[in-house]
Amino acid sequence: MSNGRKAVADGLLRGLPAPFRLHVGRVKLNSYARPVNQRRRSLTHVHGSSTISVAGYPSSPTRVSAETSFVYWVLQIIVWSAYCLMHISGEVFFAMMPWSKAVTVWGAVGAAHVSCTHLLRGLAKRHNWLMLAPAALLTRVIVGVLLISLACYLVTIASSVAVYGSPVTPVMDALYRMLPPRTRLVDQFFSSLILNVLWVAIYFGLAMQRHRYRAELRQVQLHEAWQAAELRLLKSQLNPHFLFNALNSVRALIADEPGRAQEAVTQLARTLRYALASGDEDLVTLTRELEMVNDYLAIESLRLADRLEVVREIEPAASTMRIPIMLVQMLVENAIKHGIAALKRGGTLRIHARLAGSELIIQIVNPRPTGEIAEARTDGVGLKNSSERLRLLFGPAAKLHLDLSVSGLATAEIRIPT
Amino acid sequence: MKTLIVDDEPLARRELRRLLGAFPWVQIAGEAGDVDEARLQIETLSPAVVFLDVQMPGGTGFDLLSQLDRPPRVVFTTAYDHYAVKAFDVSALDYLLKPIEPERLAAALAKMRANMRASVLAGPAISTDPPLEQLFVRDGPRCWFVPLREVSVFSAEGNYVRLHWGKERPMLGRSLTVLEEKLDGRRFFRANRRQIVNLELIQTVELGEGGRLYVQLREGPEIEISRRQARLFRARMTV
């Protein structure tokens, strides 16, 4: 995408969050259109009742995270209290230990598991492990799970020594009676490890699933936003209001004045071709832009009849200068729409272009209704985009200014350094 | 059927005139190019139907309608106006998109004709100056032709009037006194300084203190009839 176009697109996409804007230049609409639609369908199908809405973006992240953290804590408590209860009951019924001791030891172990896994989750979240490549993620998860298992193991040994005076808990002794005591100690490690591995596998499995879903969702939203922007851009280039009015004029001419109708169709075709070509070009000579403006004005004067008069004063030296495509056209369109067409008696549209010093100065002057409030004008976005485009193409010295300070008159001025 | 064409573009008027030529029962009484001219033409010619462009210099077609005391039947025409089309759709108004398709025009005219027949059959014999039957009302993006017999209460709010019409509460940019002069005196009654009620929509009447009356309106609020007006009210209702 060329600079000028990109500037316009950037302007249109200004409202989007930063990550969305970054990719705009690189997105190819056609190649994505189908998969996006398909993906969207499958997403809506699977997550039809999810709180994350596809169309209403941005989705509410606070609500989603509040819900997931609730689910997380419920599962965390259920899993680890089941684990502890199992060992406590084992210790009481198989190893004939008192409840109080069993609860103390396994309570401590359970707490260690909860905090270790929670710590690992916090670490993964803070450093965005889900964004990592699979190998890097796997390495971190494996190291992490080994470390937390070791920690839990040490807590088990410590609490067992403190309560029972032996590093191997009585329940392990009872269950693995056939193994030698040293192996029982190692086994105790594995019992902790296996549970942590299971926990981590489930947790990261679910988290990755959700991460991928969210990424796809964002992709869909990005494309929707981009498509909407592209459509707006296209619409502004083709100007449907002008197009349908022109067609209506032509339809009226066909019966009575076929010659004028033919001429109008040719002019309309040239206008459209130029507007469509503006997608590929950045700069054109003033002469070429004015040719198009003339076609446009010819069609508008069919519609406005004697209400529109045009005066052109173009210095020959200025006419070979290069200007951003569709820039004068846009200003002339605004002059007609908000000025001449809004006046009962119409008026004179003046287009001046001259070289002064090291600047090309183009002025479009038109009468306008006196009561009009400048803020109410709908061309503000177009003007802002055009200013931005000028600045990107010619630097900060290039300016576009719409002067509405004189009542009943609008003067648009373009200054481009030569 | 007396018809007026309102459009600021001469070519668009010419085209519509040509299209309407296919319907011999449509008589084009005149053309207008802006809102003021159109208002004048409507007042002098009193056309049965107006083809009304939305965007015109000096005001939109909607502006024109809200200025009229007796808005005629209207078919809006527009080339491309996203907002206007939205307004038409939410308000169930008739509209045609330019360039106008002959089939659509035929359908719009047929509908218009059927409506007119129905109202002629239902309505009373035409007097010299028939009382107001409908009002064009705008409320934000929505607009309506409000049939007055369905309005239960007109309440003054400053210099404006709020209509109680079914579930809708649109505002009218006119004062209650000005409106009262145009309303059908047989149907509408000034209940107090701030309200006019529709007698045909009164459900119950209750006696209040000091000769006041309270009337409950169908689909509407309870309205107090002031002491002075209550005497008039009694006189009228006990004929």
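Per-residue answers, yes or no, for (1) open to solvent by 30 Å² or more (accessible area, probe 1.4 Å); (2) farther than 21 Å from A:Leu383 by Cα:
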position	(1), (2)
A:Leu238	yes, no
A:Leu247	yes, yes
A:Gln262	yes, yes
A:Gln267	no, yes
A:Tyr296	no, no
A:Asp306	yes, yes
A:Arg312	yes, yes
A:Gly347	no, yes
query: Can you pull out the residues in the range B:6-41 that are more than 10 Å from chain A (Cβ to nearest Cβ), in contact (Cβ under 8 Å) with a residue 12 or more places away in the chain and surrounded by fewer than 24 Cβ atoms within 10 Å (Cβ to Cβ)?
result: B:Leu20, B:Ala22, B:Phe23, B:Trp25, B:Val26, B:Gln27, B:Ile28, B:Ala29, B:Gly30, B:Glu31, B:Arg39, B:Gln41
query: Given (1) over 30 Å from A:Val381 (Cβ atoms); (2) within 14 Å of chain B (Cβ to nearest Cβ); (3) open to solvent by 50 Å² or more (accessible area, probe 1.4 Å); (4) not small (Gly, Ala, Ser), where does A:Val197 come up short, assuming only one miss?
result: (2)
- request: Hey, can you tell me all the residues within the range B:188-239 that are part of a strand (DSSP E or B), out of contact with any helix residue (DSSP H, G or I) (no Cβ under 8 Å at 6 or more places or on another chain) and open to solvent by less than 20 Å² (accessible area, probe 1.4 Å)?
  value: B:Val197, B:Val215, B:Ile223
field: Residue within the range A:215-230 that is open to solvent by 70 Å² or more (accessible area, probe 1.4 Å), away from chain B (no Cβ under 14 Å) and in a helix (DSSP H, G or I) present
entry: yes
query: Within the range B:48-57, how many residues are away from chain A (no Cβ under 13 Å) and open to solvent by 20 Å² or more (accessible area, probe 1.4 Å)?
result: 1
statement: B:Leu45 vs (1) in contact (Cβ under 8 Å) with a residue 12 or more places away in the chain; (2) touching a Leu at 6+ places or on another chain (Cβ under 9 Å); (3) within 14 Å of another protein chain (Cβ to nearest Cβ): all pass except (3)
- prompt: Does B:Arg70 satisfy being among the basic types (Lys, Arg), at negative phi and within 14 Å of another protein chain (Cβ to nearest Cβ)?
  reply: no
- request: Please determine, by comparing only the residues of the range A:247-262 that are of a type in the set (S, T, N, Q) and at the interface with another protein chain (Cβ under 7 Å from one of its Cβ atoms), which one is nearest to B:Leu11 (Cα to Cα).
  value: A:Ser249
- line: The residue from A:Ser149, A:Ser100, A:Ser192 that alone is of a type in the set (S, T, N, Q) and surrounded by fewer than 18 Cβ atoms within 10 Å (Cβ to Cβ) is A:Ser100
message: Checking B:Val85 against (1) among the hydrophobic types (A, V, I, L, M, F, W, C); (2) surrounded by 20 or more Cβ atoms within 10 Å (Cβ to Cβ); (3) within 14 Å of another protein chain (Cβ to nearest Cβ), only one condition comes out false. Which one?
response: (2)
Condition met for A:Leu272 (crowded, with 21+ Cβ neighbours inside 10 Å and either among the aliphatic types (A, V, I, L, M) or within 14 Å of another protein chain (Cβ to nearest Cβ) (or both)): no
- request: For A:Leu283, indicate whether it is under 21 Å from A:Ala353 (Cβ atoms), of a type outside the set (Ser, Thr, Tyr) and open to solvent by 40 Å² or more (accessible area, probe 1.4 Å).
  value: yes
query: Are there any strands (runs of 3 or more DSSP E) wholly within the range A:319-411 with 1 or more residues that are basic (Lys, Arg), and if so which?
result: A:322-324, A:347-356, A:399-403
- line: Residue set B:Thr60, B:Thr78; condition of a type in the set (Ser, Thr, Tyr), over 19 Å from B:Asp139 (Cα atoms) and surrounded by 18 or more Cβ atoms within 10 Å (Cβ to Cβ); output residue B:Thr78
query: Do we have any residue at all in the range B:112-119 that's under 23 Å from B:Leu20 (Cα atoms), modelled with pLDDT of 80 or more and under 17 Å from the mean Cα position of the chain (by Cα)?
result: yes
message: With away from chain B (no Cβ under 14 Å) and over 38 Å from the mean Cα position of the chain (by Cα) as the only criterion, which of A:Ile314, A:Ile299 stands out?
response: A:Ile314
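The values are calculated or read from the model by the stated rules, or taken from the named source; none is laboratory data. In this text the structure is predicted, and so the values were computed from the model without any measurement. Neighbour counts run over all protein chains shown; Cβ positions are idealised from the backbone, glycine included. Please note that ligands, DNA and RNA were not included when accessible areas were found on the heavy atoms of the full protein model with its side chains. Shrake-Rupley method; radii C 1.70, N 1.55, O 1.52, S 1.80 Å.
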